[in-house]
Amino acid sequence: MRILLISAYEASSHKAWADALMSNLPEHDWTYMALPPRHFAWRIRGNAMSFAFDPKFKPLLEKPYDLIMATSMTDCVGLKAFCPDLQNIPWLLYFHENQFAYPASDKQQGLVEMQMVTLYSALAADQCVFNSQFNKDSFFSGARALLKKLPDYVSPDWLSVSEEKACVVPVPVSVPTLMTKPHIDKRAGQAPMRLVWSARWEYDKGPDRLLAILQELSARHVPFEIAILGEQFRSIPKEFEQIKQAFSAQISQFGFAKNRQDYLDCLASADIVLSTALHEFQGLAVLEAVALGCVPVLPNRQVYPELFGDEFLYHSDLHDPEKEAQSAVDLMIKLATESAEAPSVAPFELSALLPLYAAQIRQSAGR
């Protein structure tokens with residue numbers, strides 16, 4: 001089968017997803033085109049023009065295809081309009097995220113316009129696939145709420161067919177599970193609790209909550225070390241500098257790992273993977289850490305309740321980070337005292353998900 005795979009905003013996780021499909025489903029003839037992950041708002045609004053009129057993409061778009069798979073940031077309507085040959089090919093739209101579930105920010109500009117691009121694409125696609133149930137539910141509920149606000153000639157029922165056909169197939173977790181770590185019994189209090197926090201250095205990942213948790217650990221005299229990983233951008237929340245100054249003695253890694261292997265080594269050396277996210281559609285970084293033996297300590301919000309049991313979730317309090325920090329530290333101490341083990345991530349492994357992708361591709365292409 002000839003498949004055109006389009007990534008309109010090639011974030012690292014999106015690239016890993018595309019590579020996993022192309023490498024592990026070699027029976028298909030794949031063509032891949034992508035745009036770099038920068039200028040977020042422009043990329044969503046302008047990707048159809050960029051793909052359709054940049055000369056380097058012209059020979060790729062003119063090839064014959066049996067199926068088009070595109071990430072949800074792709075402007076399907078615009079690309080179909082500019083490239084009529086793509087109109088009669090089945091389209092599968094894959095949602096790594098959606099524009100309806102981001103926490104409010106005074107820095108957001110043009111959000112409704114970005115939501116409309118995604119909404120148009122979902123209506124124009126033949127099949128919508130999401131990386132989590134939370135992603136699917138929040139997209140359709142958010143899109144319906146937006147449609148209800150529009151003045152006239154619109155109906156939330158327009159989404160019913162798309163929602164009925166939509167399904168959930170997560171991004172596969174692919175890490176070398178043979179990496180091992182020494183067992184350390186925290187009950188004796190002989191060694192510090194080794195934590196890892198791996199997320200983008202942006203407000204929606206809860207850096208204020210991370211700071212509050214570290215302050216709570218310090219106030220209770222709980223010995224700990226922490227590796228703070230994740231991608232950094234031009235604008236970095238002030239909490240990271242506060243953390244660096246206040247906890248320099250406890251920080252084992254501060255900043256993006258040099259390469260993939262260093263990143264995996266850092267995960268494998270930790271006892272607990274901590275999340276403070278206000279926005280998370282699948283939690284791939286958390287799943288990778290758990291696959292390497294880290295015990296998850298996660299807020300009971302966003303996608304996390306569908307990943308693991310309640311024993312790994314602390315109480316979410318969006319209005320009181322300090323109260324939330326107390327709950328998180330309570331859970332850390334409890335799990336360390338019990339020498340808890342990491343839960344299974346088998347349902348998210350490539351071997352479990354590859355047959356689902358293969359079946360979805362066949363179904364979407366009408367094979």
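At-a-glance table
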{"read-out": "Residue list for segment 125-173, filter: over 30 Å from Val286 (Cα atoms) and aromatic (Phe, Trp, Tyr)", "value": "Tyr153, Trp158"}
{"read-out": "Hits in segment 193-210 - residues which are touching a Gly at 6+ places or on another chain (Cβ under 7 Å), assigned to a loop (DSSP other than H, G, I, E, B) and of a type in the set (Gly, Ala, Ser)", "value": "Ala199"}
{"read-out": "Subset of segment 1-60 that is open to solvent by 20 Å² or more (accessible area, probe 1.4 Å), of a type in the set (S, T, N, Q) and in contact (Cβ under 8 Å) with a residue 40 or more places away in the chain - its residue that is nearest to Ala352 (Cα to Cα)", "value": "Asn24"}
{"read-out": "Scan of segment 217-238 for residues that are open to solvent by less than 30 Å² (accessible area, probe 1.4 Å) and either within 12 Å of Trp197 (Cβ to Cβ) or touching a Leu at 6+ places or on another chain (Cβ under 8 Å) (or both), ordered by number", "value": "Phe224, Ile226, Ala227, Ile228, Leu229, Gly230"}
{"read-out": "Val161 being modelled with pLDDT of 95 or more and hydrophobic (A, V, I, L, M, F, W, C)", "value": "no"}
{"read-out": "Residues of segment 239-264 classified as over 22 Å from Ala212 (Cα atoms) and surrounded by 15 or more Cβ atoms within 10 Å (Cβ to Cβ), total", "value": "3"}
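The values are calculated or read from the model by the stated rules, or taken from the named source; none is laboratory data. Worth saying up front: this structure is predicted, and the values here are computed from it rather than measured. So basically every Cβ, Gly included, is an ideal-geometry build from the backbone, and we count neighbours across all protein chains shown. Areas reflect the complete protein model, heavy atoms only, side chains present, ligands, DNA and RNA absent. Shrake-Rupley method; radii C 1.70, N 1.55, O 1.52, S 1.80 Å.
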